[in-house]
There are 2 protein chains.
Amino acid sequence: MAIIESIPNVSEGRRADVIERLATAIRTAPGVRLLDYSSDASHNRSVFTLAGDAASVREAILALFAVATEAIDLRTHRGEHPRIGAVDVVPFVPIEGVTMADCVTLAKDVAAAVADHYGVPVFLYEDASTNPARKNLEDIRRGEFEGLAAKMASPGWAPDFGPATPHESAGASVIGARMPLIAYNINLNTDRLDVAKKIATAIRHSSGGLRYVKAMGVMLEDRGLAQVSMNLTNYEKTPIFRVFELVKREAERYGVSILESEIVGLVPSAALVRSAEYYLQLDRFSDEQLLEKKLQDVSR
Amino acid sequence: MAIIESIPNVSEGRRADVIERLATAIRTAPGVRLLDYSSDASHNRSVFTLAGDAASVREAILALFAVATEAIDLRTHRGEHPRIGAVDVVPFVPIEGVTMADCVTLAKDVAAAVADHYGVPVFLYEDASTNPARKNLEDIRRGEFEGLAAKMASPGWAPDFGPATPHESAGASVIGARMPLIAYNINLNTDRLDVAKKIATAIRHSSGGLRYVKAMGVMLEDRGLAQVSMNLTNYEKTPIFRVFELVKREAERYGVSILESEIVGLVPSAALVRSAEYYLQLDRFSDEQLLEKKLQDVSR
């Protein structure tokens, strides 16, 4: 049983009828489960979470493109969130029984089909990227739809698939493969925002910290607490427990302790099992020992 | 999707043909998965692990009784392990989507059917027990098959179901419901067996310790390490992390640290997720946030 997750971000967050047509396009692909979707009117953007095997997920994403390219026109689209396309970003994430290489293959396959069927240029990103300058989503999206024609005409910005110029109304899409993201926050036993900011600076990759951590210090005004707010972009290589322990250690420097931490949204159970292994000093533990895994394996 | 696990212990560990017939009886019950089985010749005993919904598990256990009562004769059975019946013990364990009360109901239902179909008296034990003196397996089994007729004739030992005297060749059976058992060992950074024994005494229920811990100190001769060897009989009420922390604290008293711990066999992933929550100080975490759980729920 292979499971790939995909989280397409679409540039429509206001027209309920269009959002429902997009959701229906995903739902009606055989073998696909639409796990969640939410829209933000000020961003004018919707995020869908779906899962299935490679063939099912491919079909759902192509059906989503069919609706989005027909119903969305970026020339008149306004919203707070940066975007370059009607279907702006499509990551594929390995969940179970598939490798990252499988997700990269799927990303390229879908990218080729999107370019072919809909005439939309596609940039590959993250693990599917074949160009270090075009690995980060932010770099690809810089300049947005409004600057896209000029950007694509400049050296190094020919797309990976499709036409050399933007689609008139649907712009371009960014498609790729990445590990599951974990939204992880640690609340400090203090109201000092400067401490949360210093800790964020110490632990995040961009300023010298752990490789797969994005972090910022924020204030929870209603509770009077400073928070280190993070995205963990590869829990296998930068595990939750190491992040927790490093934040705790840095906080001690300022006489501050950890009040609590929280995971926002979904988390692969493996990320928590690895943390239990660490703290319990578990020796030679295998995921095959998880009762649920055993039950699943035998039922196949 | 309701899943109940059952781990019948049968008094036959030598005749391969009989063991295979017992396994086949379980396997051929529709909807049942035989997860594992193993036999011990010196114990002359086999342990089967199976799972399914209540109706499937019931059918598998009754099929197992049919083979065992026909093929096993306790009057000629010899082995190191204590036993009172051909099918000696049958626990039902709630795994997913079922409560302990469901397993108690199933235990009573199966016990009535066993008495009715095969004329084997049944004692209920653990959570299915209706008599505090007959809750522990060891108390019910004391005296073994050889002392069973006399025991059943004494006050307080009428069975919960079936005839007042043992089945001529199949003895009696102990059927009940319990939480999953976790076999959990902690290896100490010392070769002092006395330290492991003192810690075991401190943490186990029988000598004043935690309610759902059975423990003993043993020596790992090949590694020259002392080990606290445990069974955790209710990981929800006495969680792994609390056992680990208490052993660690007791070991400090003797200047000893923990080298590593190990889980032998299967463990419900919830037991490890609870440990991760504890150490990461996770606030307001729900199992609904586990990606695998979400995928499963949506697929139903």
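Give me log10 I(q)/I(0) at q = 0.14, 0.24, 0.26 Å⁻¹ for the range A:198-249, Debye formula, one equal scatterer per alpha-carbon, no solvent.
The Cα Debye sum returns log10 ratios of -0.34, -0.86, -0.97.
Give me log10 I(q)/I(0) at q = 0.15 Å⁻¹ for the range A:91-183, Debye formula, one equal scatterer per alpha-carbon, no solvent.
Taken in order of the listed q values, log10 I(q)/I(0) reads -0.55.
Taking only Cα atoms and a 10 Å spring cutoff, compute GNM fluctuations for chain B and point out the largest among B:ALA54, B:ALA271, B:ALA23.
Looking only at B:ALA54, B:ALA271, B:ALA23, the largest GNM fluctuation is found for B:ALA271.
Report Rg(Cα)/(2.2 N^0.38 Å) for chain A, keeping two decimals.
It is 1.08.
Under 10 Å, Cα contacts only: if you run a Gaussian network model on chain B, which one of B:ARG223, B:ARG14, B:ARG142 comes out with the highest mean-square fluctuation?
Residue with maximal mean-square fluctuation among B:ARG223, B:ARG14, B:ARG142: B:ARG223.
With springs only between Cα atoms under 10 Å, which of A:GLU260, A:GLU250, A:GLU144 fluctuates most in a Gaussian network model of chain A?
Evaluated over chain A, the most mobile residue of the options is A:GLU260.
Within 10 Å of each Cβ of A:240-246, how many other protein chain Cβ atoms are there on average?
Other-chain Cβ atoms within 10 Å of each residue's Cβ, averaged: 2.
At q = 0.17, 0.18, 0.26, 0.33 Å⁻¹, what log₁₀ I(q)/I(0) does a Debye calculation on the Cα points of the range B:171-215 give, no solvent, two decimals?
Ignoring solvent entirely, the Cα scatterers give -0.63, -0.68, -0.99, -1.17.
Mind pulling up the Rg/Rh value for the range A:105-260? Radius of gyration and Kirkwood radius, both on Cα.
Details: Rg = 19.8 Å, Rh = 17.7 Å.
Computed over Cα atoms, the ratio is 1.12.
What's the long-distance tail for the protein assembly as shown, i.e. % of Cα pairs beyond 41 Å?
Values: 73358 of 179700 pairs.
Tail of P(r) above 41 Å: 41 percent of Cα pairs.
Within a 10 angstrom radius of each residue's Cβ in A:260-268, how many Cβ atoms of other chains show up on average? Whole number is fine.
That works out to 6 on average.
As I understand it, the value is the acute angle between the Cα axis of helix B:100-118 and the longest principal axis of the Cα atoms of chain B; what does it come to in degrees, rounded to 10?
30
Taking the Cα atoms of the range B:22-124 alone, what are Rg (to one decimal) and Dmax (as a whole number) in Å?
13.7, 42
For the range B:212-300, state what percent of all Cα-Cα pairs lands in each successive 5 Å bin, counting from 0 Å until the bin that includes the largest distance.
2, 10, 18, 21, 17, 13, 8, 5, 4, 2, 0
Counting only heavy atoms of the protein chains, get the accessible area per residue of the range B:1-113 (1.4 Å probe) and round it to a whole Å² value.
Ligands and nucleic acids excluded, the figure is 37 Å² per residue.
Evaluate the distance, in nm, between pseudo-label points positioned 7 Å from the Cα of B:THR99 and of A:SER154 along their respective Cα→Cβ axes.
Inter-label distance under the simple model: 6.4 nm.
If the range A:117-171 were replaced by its equivalent ellipsoid, with semi-axes equal to the square roots of 5 times the Cα gyration tensor eigenvalues, what would those be, largest first, whole Å?
Each semi-axis is the square root of five times an eigenvalue, giving 17, 13, 10 Å.
Roughly speaking, what % of Cα-Cα pairs in the range A:144-197 are separated by over 14 Å, rounded to a whole number? Intermediate values should be presented prior to the final figure.
Numbers: 969 of 1431 pairs.
Counting every Cα pair in the range A:144-197, those more than 14 Å apart make up 68 percent.
Quick one: with label points 7 Å out along Cα→Cβ, list the inter-copy distances for B:GLU236 in nm, shortest first?
Copy-to-copy label distances for B:GLU236: 3.4 nm.
List nothing, just return the count: lysine pairs in chain A, 8 or more apart or interchain, with Cα separation under 30 Å.
Eligible lysine pairs with Cα atoms under 30 Å apart amount to 21.
Rank-order B:175-186, B:127-138 by packing density, defined as the average count of other C-beta atoms within 10 Å over each peptide's residues, highest first.
B:175-186, B:127-138
Run the label-point distances for A:GLU80 please: 7 Å along Cα to Cβ, every other copy, nanometres, shortest first.
List, nearest first: 7.0 nm.
For the charge dipole of the protein assembly as shown, defined by +1 on Lys and Arg C-beta atoms and -1 on Asp and Glu C-beta atoms about the Cα centroid, which residue among A:VAL264, A:ASN231, A:LEU220 has the Cα displaced farthest towards the positive pole?
Of the options given, the answer is A:LEU220.
Sorted from largest down, give the three principal axis spans of the alpha carbons of the range A:77-142, whole angstrom values.
Between the extreme Cα coordinates on each principal axis of the range A:77-142 lie 40, 26, 23 Å.
What do you get for the angle between helix B:144-153 and the principal long axis of chain B? Use alpha-carbon atoms, 0 to 90 degrees, nearest ten.
70
Calculate how steeply helix B:193-203 sits against the longest principal axis of the alpha-carbon atoms of chain B, using the helix alpha-carbon long axis, and give the answer as 0 to 90 degrees to the nearest 10.
That helix lies at roughly 80 degrees to the long axis.
Between A:GLU252 and B:ALA55, what is the spin-label point distance in nm, taking each point 7 Å from the Cα along the Cα→C-beta axis?
5.8
Taking a point 7 Å out from Cα toward Cβ as the label site, list the nm distances between B:ASP36 and the same residue in every other copy, smallest first.
Ordered by distance, the counterparts are at 3.4 nm.
The values are calculated or read from the model by the stated rules, or taken from the named source; none is laboratory data. Remember, it's a predicted structure, so these values are computed and weren't measured experimentally. Cβ sites come from the backbone with ideal geometry, for glycine too, and all protein chains shown count toward neighbours. Surface accessibility is based on the protein's heavy atoms, side chains included, excluding ligands, DNA and RNA. Shrake-Rupley method; radii C 1.70, N 1.55, O 1.52, S 1.80 Å.
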